[in-house]
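Asker: Can you keep this structure in mind? I'll have questions shortly.
Each reported figure results from applying straightforward, stated rules to the coordinates on display, with no laboratory input. Bear in mind the structure is a predicted one, so any value in this text is a computation, not a measurement. Every residue, glycine as well, gets a Cβ built from its backbone with ideal geometry; the counts of neighbours run over all protein chains shown.
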Amino acid sequence: MRPKFYIFLMFLHFISNFAFSKPVDSVEIKIKAPFYKGYKVNLICSNFLINSQHISLKLDEFGAGQVKVPVVEKTFWTLTVGQDYETRILLDNNYSLLIYFENRNKPVFSGNGATVNN
């Protein structure tokens, strides 16, 4: 009798996860930062409703990099470039951003989602 009960509980668990889970999309972020060649870029999401997420990438010798960030809903992320720059950006599952650092000041955003982040 007990094995059937455990199988039933596992079945309910899988059904509830499938029925109530939100789809996870991703946002493609491209970074061009000639002044930050070889720097490490970190994207950190610390939202009390979801688990903290941390994504990092290293910019190449031209100061370029690309990453896909999993986003379920509109959330704020902290973008840091090395220890020189830090800002908050808003990401949503339909955004596709290019972040361009003309110099060591505030970046310029282009693409879908740029209006809200500039």
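Asker: Work from the charge dipole of the range 23-118 (Cβ charges, +1 for Lys and Arg, -1 for Asp and Glu, about the Cα centre) and give the residue of Ala64, Tyr39, Tyr95 farthest towards its positive end.
Answerer: Selected residue: Tyr39.
Asker: Under a straight-distance cross-link criterion of Cα-Cα below 24 Å, which lysines are reachable from Lys106, leaving out those fewer than 8 residues away in the same chain?
Answerer: Lys30, Lys32, Lys37, Lys40, Lys58, Lys68, Lys74
Asker: While we're on this one: Report the local net charge at Lys32: Lys and Arg +1, Asp and Glu -1, summed over other residues whose C-beta lies under 12 Å from its C-beta.
Answerer: After counting each charged neighbour, the total is 0.
Asker: Please list the equivalent ellipsoid semi-axes of the range 53-118, computed as the square roots of five times the alpha-carbon gyration tensor eigenvalues, in descending order and whole angstrom.
Answerer: Semi-axes (√(5λ), whole Å): 19, 14, 12.
Asker: With label points built 7 Å along Cα→Cβ from the Cα atoms of Thr78 and Tyr100, find their separation and express it in nm.
Answerer: 2.9 nm
Asker: To the nearest 20 debye, what charge dipole does the range 61-118 have about its Cα centre, counting +1 at the Cβ of each Lys and Arg and -1 at the Cβ of each Asp and Glu?
Answerer: 100 debye
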